[in-house]
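The values are calculated or read from the model by the stated rules, or taken from the named source; none is laboratory data. Keep in mind the model is a prediction, meaning the values are calculated, not measured. As a convention, Cβ positions derive from the backbone with ideal geometry for all residues, glycine included, and neighbour counts pool all protein chains shown. All accessible areas refer to the heavy atoms of the entire protein, side chains included, with ligands and DNA or RNA removed. Shrake-Rupley method; radii C 1.70, N 1.55, O 1.52, S 1.80 Å.
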Amino acid sequence: MAERATWTTRIGFLVAAIGSAVGLGNIWQFPFKTGANGGSSFLVFYLIAVVAIGFPALLGEFVLGRRTRLNAIDAFGELGHRQWRIVGALGVATGFWILSYYNVVGGWVMRYIVGSATGAYFDAPAEYFGAVSAGPEAIAAQALFVLVVVGIVALGVEDGIEKATKVMVPSIVLLMLAMAVWAFTLEGGAAGYEYFLSPDLDTLLANAGTAIPFAVSQAFFTLSLGMAIMVTFSSYVGNDDNLAVDGGIIVGTNTLIGVLAGLVVFPVLFANGIDPATSGPSAIFIAMASGFAELPAGRLLGVVFFGVVLIAALSSAISLLEVSVSWATDNYDIGRVPLAAGLGVGLFVLGLPSAWDTAWLTWFDNLAYQLLLPVSVLFAMLFVGWVLGDEALTEIRQGMSGMDWFGPAWLWTVRIVVVAGVAVTLVLGLRTLFVEGAIVPPV
Ligand code: PHE
């Protein structure tokens, strides 16, 4: 496995993990999920979910990977009984499901780079989104995005993406900060901060039933958990690395970027009279496009912004495809190129309904949030906390001198808080799916 060697340095690992985590989940999903689930109250649930569930679960996946030095599927089999491999396979399947519509949104981003350069959306940002987000044009853009992802994985040139990720993360932070400052100057934007940042207890409680599953699954989605990715990445990490510190850096960076996206999107939506509760997947696109349409040098800014978002989306998508390709090339005698190409075709076909109609995209997304992500993380953490138990404790302690309290605190958090939190998430998610009928496909 020659390609594994490239991630043996700590920085390489951090860059790969952050490249996977930071993506459309932070920039596209987070603002609209926040808008759909009560604004500031969602932010509270999300931040709690990140700290109390996402962070310990991330460390759980790290422990699995570093302990076995194997890809996710084989890691479960190596440490437990063979039947636990199904949990690894579930992670891979969840990632695939998500990537199918992630590619569609990646296509939108590509389309917006062109739209920024030509100024195509400047007159009517909302209508433009409607025109390019579904139907044949969206399928063409989706195909292009898949092609780029497959091309990079097939050629094994992820090095280039690693380098791009190093530039991407600071660029996103700077661009988002600049856009947030500009959004601050907008007339009518103040209501956006009110909406995003000032929770009150009544709304919080009133929203809990629907907001909790979205908040917890948002934490998983954006940290690339439950998709077999972080397990695989950490299989290259040295035993002298402090996993808690690394995890903290990844979680901190990732959360910062999501919150910054919110600080841009909400003032802009309010300033333009757009209701965040109903704007759905269009929120970031319409908000940013309306901004660039009004700003001096808006075309250039638009190209730069969507260009950086594209790098973020590519590094996430690639991380997922790479995991499946390494697993398959580890276990079977298939070449990288046919494998990546075959998986690409499968992903493209699975994503076709989402590209055809955003109602399908929402359906795929709902199933991922309410069912697949919680199930996948729940079983993985049951395994880490209750099956591995002390072995997990031994592993997390490696490289963690002077933090003796951390291991047991972490293990019991996984055993109780994470397992219970995700179980509640799953029950609430299933209720939404079945009782509220979200399970019915939009045919
Ligand atoms: N963590 C990624 C994000 O926030 C989600 C993701 C990773 C999606 C890998 C697909 C594949 O964008």
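Side notes on the structure shown:
- Any hit, the stretch 294-302, residues being surrounded by 22 or more Cβ atoms within 10 Å (Cβ to Cβ) and aliphatic (A, V, I, L, M): no
- Matching residues in the stretch 288-302 - criterion: being touching a Pro at 6+ places or on another chain (Cβ under 8 Å) and either not polar (S, T, N, Q) or not in a helix (DSSP H, G or I) (or both): Ala289, Ala293
- Condition met for Leu373 (open to solvent by less than 10 Å² (accessible area, probe 1.4 Å) and either farther than 26 Å from Met179 by Cβ or within 15 Å of the ligand (Cβ to nearest atom) (or both)): yes
- Some residue of the stretch 330-337 being of a type outside the set (Phe, Trp, Tyr) and surrounded by 19 or more Cβ atoms within 10 Å (Cβ to Cβ): no
- Qualifying residue in the stretch 283-292 (condition: at pLDDT 90 or above, within 13 Å of the ligand (Cβ to nearest atom) and of a type in the set (A, V, I, L, M, F, W, C)): yes
- Counted residues, the stretch 220-249 - those being more than 10 Å from the ligand (Cβ to nearest atom), of a type outside the set (S, T, N, Q) and assigned to a helix (DSSP H, G or I): 9
- Within the set Phe266, Phe221, the sole residue that is in contact (Cβ under 8 Å) with a residue 24 or more places away in the chain, over 23 Å from Trp182 (Cβ atoms) and either open to solvent by 10 Å² or more (accessible area, probe 1.4 Å) or not aliphatic (A, V, I, L, M) (or both) turns out to be Phe221.
- Residue that is surrounded by fewer than 18 Cβ atoms within 10 Å (Cβ to Cβ), under 17 Å from the mean Cα position of the chain (by Cα) and either of a type in the set (Ser, Thr, Tyr) or more than 16 Å from the ligand (Cβ to nearest atom) (or both), where the choices are Gly252, Gly280: Gly280
- Out of Ala341, Ala289, Ala271, sole residue that is under 30 Å from Gly38 (Cα atoms), open to solvent by 10 Å² or more (accessible area, probe 1.4 Å) and more than 22 Å from the chain's Cα centre (by Cα): Ala271
- Inspection of the stretch 54-77 identifies at least one residue that is within 23 Å of Gln218 (Cβ to Cβ) and open to solvent by 10 Å² or more (accessible area, probe 1.4 Å).
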